[in-house]
Amino acid sequence: MRRQFLKKVHEALANPTLQKALDQNAERRERGRERAFSTLPNPEHTSQEAAQIRRQTIDNLEEYLAQFIKRAQENGIQVHGPLDAHAAALSTAEIAKEHNARLIVKSKSMVSEEIELNQTLEAAGIQVVETDLGEFIVQLRGESPGHIITPAIHLLRKDVARTFTNELNVPYSTDVTEMTETARRVMRKDFLSADVGISGVNFGVAETGTLCIVTNEGNGRMVSTIPPIHIALMGIERLVPSLENMAVLLQVLPRSATGQNLTSYVSLIQRPRAGAEADGAEERHLILIDNGRLAMHHSQFQDALLCLRCGACLNACPVFREIGGHTYGSAYPGPIGSIVSPGLFGIKQYGHLSKASTLCGACTEVCPAGIDFTKLLLRTREEYVKSTPQPAWLRAGMQLFTWMMASKGRYHRVQSIATIFLRILPNRGGWLYRLPPPLSGWTRSRDFPPLAAEPFHARFHRLKSTGNGLSKVAEKVQETQTQENEPLQGDLIVRFQEELKRVNGEFIQCSSEELPHKIANFLASIEADQILGWGKQIQDFNSIADHLREAGIQILEAGIPRSEDGNTRYETLAGLDQAPAGLTTCLAGLADTGTVILPSGVGQSNLTSLLPRTHLVILQAKDIYPTFDHWIRAGGREAIASSSQLTLITGPSRTADVEMIITLGVHGPERLVVFTTN
Amino acid sequence: MRIQLFITCMIDSLFPQIGEAVFEVLSLAGVEIHFPTDQTCCGQPTYNAGYHDHANSLAKRTIETLTRSDDPVVIPSGSCAVMIRKEFSELFREDPPWHQRAQALAARTYELSEFLVDVLGHTEFQASFDGRIAYHPSCHLLRGLGVQTQPLDLLAQVERADVISLSPDCCGFGGVFAIDHAEISSELMTRKIDAVESSGADVVVGADVSCLMQIEGGLRRRGSSIRCAHIAQIIAMKEPGLQ
């Protein structure tokens, strides 16, 4: 494995496309992360809080897991496991086969890569379509993801254009918007006709049994809303004790991962579709994956379970920046992979990864979960050396070095002999430029200093210590924490507007009286005469609907036929997909991220805010809260529990999977317009 | 005040004149310097390579050598200071008596610049330097010990010097990594010396000789005339260049 690794390192370093792509990734992601954290009132405090939550969760992992399973089952989610890789993949395939599934749409899930799920499903004769744009691209190319957040990190847009031309039979174009449009078109039919949707889980909330899924493109919403069966895969460590704790982690996860204050979509899935509800999967399964995690929990590598899979350590790592993700030969590359891969998949096969680090600590510095990477990398190295034969030169070198340094006399004697020996080697200006193996690795690119003729310890007795002086202890300034006041509603509107615009959302403020005209005018401007819509959160939605009807705009209520009405299902969905716009109300707005919160349920289809190109939302100013946490405490908790699938929407659907160029409207709407009324 | 000087095996063997500069700086700051003559290596190279049994014996030896006196220990190297201050405790995490001794030693161990600034409050040495100094914030010093401003505080007092700080990217040294993964190490070094050259610096200054050895080794190979210097060399107004 080590030899293979070194070979791949060599190839990666010699690949100019990869080098360029990795440089771009490192620079942009790091800048984005720093900017996003700087928008928090107290970034330091939030980071510490997040790390504490992770610590508390992992310290009590088994208790929270039991609670989570119980709650999820009470909510009607069918829980399987915890299972190991093979069993988890088989179990997923089993569920699909029971429902005679032929086509599965899947949103991004690293744990599915870990258990090699696609191979198992394909072996069972089921087609799996990866719907995250980056995953879609690497699937078309028959590759694996090169980064846990940015799967197609290793490709430039010309590579993607060529792949699309070859595999999708479209004209060659390097225009990223056009490529994204192609992906939207190609995958649309799959979303609407798939038998099963598979997703990962970012957080499982122990106290409520809620599944939290964080996405940008809208594919996560598609796969959990449209197909009749939804299977969610989750590593058992991805738990969070409470909704409030989840709100804190949601402040650090997108910031660390993509430099966003919040991703476009956060889905909070509570249960399967019930009774008369408009949509949502009729059956929800949760596959819990152990695959070595419980064993890891009882080992000295427990802290690796703190990870949120944000990928910040990859972006910060100078070694990852040189060699890229594929070189690591595991689903989890970079610093976190160098701990997790040996810890979960075997020290003998993956232990060498722990040595591909300078221990510079850049990963520890950016980790939102508070993982001490240096400590874990060093522990991994220790296990690796104990368990696996090392190169002879290293073994001998370490032995010799320790033998020498264990005695002052030996150290000084070897020093003088080596000084003479090194003198016969070729030098330039005194420095050596060609050392024998294994030290030749050094002199391939650097000169090496000769040993000093007279070491320091031999000189010391000549130096005179005066010792006349001062000692003044510097006083440390106590940091004072500033008190935060509750913000005013007017300020909240301003902040909401700013944040919404920053994420490419549009903001229109008007009075309740003006609202029907404003909406009608807007719809006229995009030539929409038949739209999807619902509005239970405001009293006068009916009068808006009447006004729109008078203006010649028809409002349809979206809904997915149940699976027993198999014949009409696809046609109905394809029909709804023709609507150019969706109009909804919402439960609340969040000022700090420019987010609107939408429920689901009877007469409140998710599709309304997901299928059309444009989503119009009516938000009452009084419903704007400072943060997600404020809303949870002010009644949001009940809303989450009563909605089968609640969604936080922050700007239009977006992707940056091709050369990190932001493109809007991948699978969800490309325009999000919020009408705010006083 | 009396201190124990742990000079590090690299300075002892390769760069003794840096040791002399360190001695001079500490003397100027008015401390009495004791040099425990039994010292060899703290064990960091073996520890970082995963040979914890080997590291164990060298760490115990170092603890014993530095525990004969209760005086503070001053180390002119960020990474060796991290080893003694943080990693000894980790190394002995399942060995309570040694763990306790390691923690006691850690509590009175300082890297040179942090000792001068935080403990002595002494930054003024009447040094001067004609030219541009590029400060290299080494990883272990910066992230391992959290020593960020102290070296810059010291350099700010150097008259006529134009001090800039390089970005805190790793130079690629990493101990055995430099040989084991020579290819990656070289790439990281190339980035660093590119940054050095484009900074217009006359000298690269740091507080970790291992990084400086990597950077000067690369600069020399490239034929550059830019040299490295330990911060003590600048304060003691010695000629830049590790040798």
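When residues in region A:365-389 are screened for being free of Cβ contacts under 8 Å to residues at least 24 places away in the same chain, at the interface with chain B (Cβ under 9 Å from one of its Cβ atoms) and more than 15 Å from residue B:175 (Cβ to Cβ), 1 of them pass. Taken over region B:186-243, the criterion of being within 19 Å of residue B:151 (Cβ to Cβ) and among the small types (Gly, Ala, Ser) is satisfied by B:195, B:199, B:201, B:206, B:207, B:210, B:229, B:232, B:236, B:241. I'd like to know if region B:107-128 contains one or more residues that are in the same structural domain as residue B:25 (by TED's automatic domain parsing), farther than 30 Å from residue A:355 by Cα and among the basic types (Lys, Arg). Scanning region B:107-128, I find at least one residue that is in the same structural domain as residue B:25 (by TED's automatic domain parsing), farther than 30 Å from residue A:355 by Cα and among the basic types (Lys, Arg), so the answer is yes.
Give region A:332-361 a look and list any residue that's basic (Lys, Arg) and buried (at least 24 other Cβ atoms within 10 Å of the Cβ), or say none. Across region A:332-361, the qualifying residue is only A:355. Beta carbons closer than 6 Å, at least 6 apart along the sequence or on distinct chains, pair a first residue in region A:601-620 that is over 13 Å from residue A:557 (Cβ atoms) with a second that is of a type in the set (Ser, Thr, Tyr) and surrounded by fewer than 24 Cβ atoms within 10 Å (Cβ to Cβ) for A:618/A:585; A:619/A:676; A:620/A:677. Has region A:426-436 got at least one residue that is touching a Phe, Trp or Tyr at 6+ places or on another chain (Cβ under 9 Å) and of a type in the set (Lys, Arg)? The answer is no, given that none of the residues of region A:426-436 is touching a Phe, Trp or Tyr at 6+ places or on another chain (Cβ under 9 Å) and of a type in the set (Lys, Arg).
I'm trying to understand the selection: among the residues of region B:50-69, which are touching a residue at least 24 places away in the same chain (Cβ under 8 Å) and touching a Lys or Arg at 6+ places or on another chain (Cβ under 7 Å)? The answer is B:63, B:67. Quick one: would you say residue B:233 is more than 10 Å from every other protein chain (Cβ to nearest Cβ), in a helix (DSSP H, G or I) and under 24 Å from residue B:83 (Cβ atoms)? Taking the combined requirement at face value, the residue satisfies it. Here's a check for you: in region A:487-517, which residue that is charged (D, E, K, R) and buried (at least 18 other Cβ atoms within 10 Å of the Cβ) is farthest from the chain's Cα centre (by Cα)? Across region A:487-517, the extreme among qualifying residues is A:495.
Could you check, for region A:65-75, whether at least one of its residues is in contact with a Pro (Cβ under 7 Å, 6 or more places away or on another chain) and either at pLDDT 95 or above or of a type in the set (Val, Ile, Thr) (or both)? No, the conditions are met nowhere in region A:65-75. Within region A:260-276, being modelled with pLDDT of 95 or more and of a type outside the set (Ser, Thr, Tyr) holds for A:260, A:261, A:262, A:266, A:268, A:269, A:270, A:271, A:272, A:273.
Of the residues making up region A:537-551, those that are over 20 Å from residue A:588 (Cα atoms) and either of a type in the set (Asp, Glu) or in contact with a His (Cβ under 7 Å, 6 or more places away or on another chain) (or both) are A:546, A:550. For residue B:185, the conditions (1) of a type outside the set (A, V, I, L, M); (2) without any contact (Cβ under 8 Å) to a residue 40 or more places away in the chain; (3) more than 7 Å from chain A (Cβ to nearest Cβ); (4) not in a helix (DSSP H, G or I) all hold with the exception of (4).
On the basis of being farther than 17 Å from residue A:488 by Cα, at pLDDT below 95 and among the polar types (S, T, N, Q), does residue A:600 make the cut? Answer is yes for this residue. All of (1) at pLDDT 95 or above; (2) under 22 Å from residue A:329 (Cα atoms); (3) crowded, with 18+ Cβ neighbours inside 10 Å hold for residue A:131 with one exception: (2). Within region B:119-127, none of the residues are assigned to a helix (DSSP H, G or I), among the small types (Gly, Ala, Ser) and either in contact with a helix residue (DSSP H, G or I) (Cβ under 7 Å, 6 or more places away or on another chain) or more than 13 Å from every other protein chain (Cβ to nearest Cβ) (or both).
Of all the numbered requirements in (1) in contact (Cβ under 8 Å) with a residue 24 or more places away in the chain; (2) more than 9 Å from every other protein chain (Cβ to nearest Cβ); (3) assigned to a loop (DSSP other than H, G, I, E, B), residue A:422 misses one, and that requirement is (3). The single condition from (1) facing chain B (nearest Cβ under 10 Å); (2) within 22 Å of residue A:300 (Cβ to Cβ) that residue A:336 fails is (1).
Among the residues of region B:85-108, none qualifies, meaning not one is in contact (Cβ under 8 Å) with a residue 12 or more places away in the chain, on the phi > 0 side of the Ramachandran plot, buried (at least 23 other Cβ atoms within 10 Å of the Cβ) and not basic (Lys, Arg).
The values are calculated or read from the model by the stated rules, or taken from the named source; none is laboratory data. Owing to the predicted nature of the structure, the values given are computational and were not obtained by experimental measurement. Positions of Cβ are generated from backbone atoms using ideal geometry, with glycine treated the same way; all protein chains shown enter the neighbour counts.
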